[in-house]
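Laboratory data are not the source of any read-out in this text; all were calculated from the coordinates shown. These numbers come from a predicted model, not from an experiment. So basically every Cβ, Gly included, is an ideal-geometry build from the backbone, and we count neighbours across all protein chains shown.
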Amino acid sequence: MLPGLSKCLQRIKAHPEGLQALHRTLKAKVYPPPPNFTVRHSSQFTMTAPCVEGMIPLIQKVQALHKDRYVSIQWNDGTQSLYPYVWLRDNCQCPLCFLQSAKARKILMTDLDVTTGVERVLLTDPTKVSIVWPDFHTSVFEAEWLRKRCFSQPSRENVQENLFLNERYYWGSDLRIPTVSFKEVLTNDKAAFFWLTTLRSTGIVLLKGADIQQGEVAKLSKRIGYLRLTFYGHTWQVQDKTDANNVAYTSEKLNLHTDYPALHHPPGVQFLHCLKQAVEGGESEIVDGFHVANLLRKTNPEAFSILSSVKVDFTDTGSDYCDFAVQSKNQIIDVDGEGHVVRINYNNATRDSVLNLPVNQVQPFYDALKAFVNLLHSPDNVVSFRMESGDIVTFDNWRLLHGRRNYLSDPDSPRHLEGAYLDWDEVMSRLRILRAAVQGEN
Ligand SMILES: [Zn+2]
């Protein structure tokens, strides 16, 4: 996936040249002007895929097709779009129907006639369509607004990708971790946009040059919006602690895991700031969980089917920000309605001894989990690196599994990382705003 981006990621190590090159690739890759192709609609109409970015399309002809209750628009590039009457009435942009200051619909569903007809349609100029409804309410729609909302499949796919950036670049052990300057991310919109688009597509970005003090991950979260409070606090300190309330707070090896599957909605994004590295050991390990889950689906479909269907109990009990007794049920591999892997939920430490399975399904579950874990730990899939003081690793906690090797610390100056969580909704919100600032989109 994203072969251009893949090549570019091999090239970049640090900015600014690498950053600019990748930025150009991202811009080209993430927001492509779609090809003009034709799909057959269920009725007799031929619909095409308009939405060419950067060009304001003009309307050549508008017609009300009463039989199917569509308004048909012929564009000046020879393509056609169809809009159902009910959708147009529902999305009238006039001040009675739409509150511009909130960009929100005012029409009440109880007042919407879902079988409305159309009295007449008018092309007032090539960029505006007026629709007069049977009660003589009038709606005016801009060509650009309509074009973006064309119902053809390619057009809808393009809009969805623009909104959610679901195209991913999968990787194995050959990944070179994309790296950006922490200070640039804080002060420069292009650097911040590069950071978040890469975090989305690749799942990890290393920020270098943060100050060696607590509070830097909180500062970084303010660049986005706000961080996510959990029972481990607003931010949390990864150190070797006596009577640790979490296995991370020891000097032991941590196997590959995602954080917090004991929550039904685990944190989407994680920041880890290295304040002090260990004298010996403590290297980080990461794996692309989506890539490995897809490998499992190919090589061991039965294991994939078990891990994507069995709801596993997770548990986390203790006291930190306050006392807690958390329980969840999550599939280890979460798949959406279209079969895409959308989240990995796996931490062996908090997997509950309560296992809600008929007794004869227990052994097959363990066989499936073992097959997945073996694939995760395969040298082809693991990337190892060593964080140094001032590094902040930012990664997709729904996608990457991470671990660390055991370590030996200097008792006078122990290993210390500070961590924080965010959610993808907040991160994607900032990404869209930065995109508008950097690319002048709306
Ligand atoms: Zn209206």
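Values as computed for the structure displayed
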item: Gaussian network model of the chain, springs between alpha carbon atoms under 10 Å - residue of TRP133, TRP398, TRP424 with greatest fluctuation; result: TRP133
item: Additional length obtainable on full extension of the chain from ILE56 to THR299, 0.36 nm per residue less Cα span; result: 82.7 nm
item: DSSP beta bridge pairing in region 94-246, given as percent antiparallel to the nearest 5; result: 80 percent
item: Residue with peak Gaussian network fluctuation, the chain [Cα springs, cutoff 10 Å], from GLU388, GLU184, GLU142; result: GLU142
item: Extreme residue, positive dipole direction of the chain, given options TYR226, ASN188, SER81 (C-beta unit charges); result: SER81
item: Inter-site label distance for LYS208 and PHE385 at 7 Å from Cα along Cβ, in nm; result: 1.0 nm
item: Simple spin-label estimate for HIS377 and GLN63 in nanometres, 7 Å along Cα-Cβ; result: 6.7 nm
item: Gaussian network model of the chain, Cα within-10 Å springs - most flexible of GLU119, GLU216, GLU252; result: GLU119
item: Centre separation in Å (Cα based) which lies between region 209-230 and region 243-315; result: 22 Å
item: Trypsin sites (Lys or Arg not before Pro) restricted to DSSP loop in region 229-298 with at most 15 other C-beta within 10 Å; result: LYS241, LYS253
item: Helical mean residue ellipticity (222 nm; -39500 (n - 2.57) per DSSP H run of 4+; nearest 500) of the chain; result: -8500 deg cm²/dmol
item: Length gained when the stretch LYS311-ASN166 is fully extended (0.36 nm per residue, less Cα-Cα span); result: 49.7 nm
item: Fraction of beta bridges assigned by DSSP in the chain that are antiparallel (%, nearest 5); result: 95 percent
item: Cα→Cβ-extended label distance, 7 Å offset, between ASP189 and SER353, nm; result: 5.6 nm
item: Fewest-first sequence of SER173, SER413 by Cβ atoms within 10 Å of each Cβ; result: SER413, SER173
item: For the chain, fraction of C-alpha pairs farther apart than 44 Å, in %; result: 25 percent
item: Exposure proxy ranking, count of Cβ atoms within 10 Å, fewest first, for GLU285, GLU418; result: GLU285, GLU418
item: Backbone N within region 403-442 under 20 Å of label point (7 Å from TYR226 Cα along the Cβ vector); result: 419-434
item: Cα extents of region 179-439 along the three principal axes, largest first (Å); result: 56, 49, 37
item: Relative exposure of SER152, SER139, judged by other C-beta atoms within 10 Å (fewest first); result: SER139, SER152
item: Region 42-151: relative contact order as a whole-number percent, Cα under 8 Å and 6+ apart; result: 26 percent
item: Region 42-151: projected area of the alpha-carbon convex hull, averaged over directions, in nm²; result: 7.4 nm²
item: Pairs from LYS183/LYS276; LYS329/LYS370; LYS190/LYS222; LYS183/LYS253; LYS241/LYS370 whose Cα-Cα separation, in the structure shown, is over 26 Å; result: LYS183/LYS253; LYS241/LYS370
item: FRET efficiency, ASN246 to ARG156 (Cβ-Cβ, R0 45 Å, nearest 0.05); result: 0.55
item: Sites ARG176 and GLU283, calculated FRET efficiency, Cβ-Cβ separation with R0 22 Å, nearest 0.05; result: 0.85
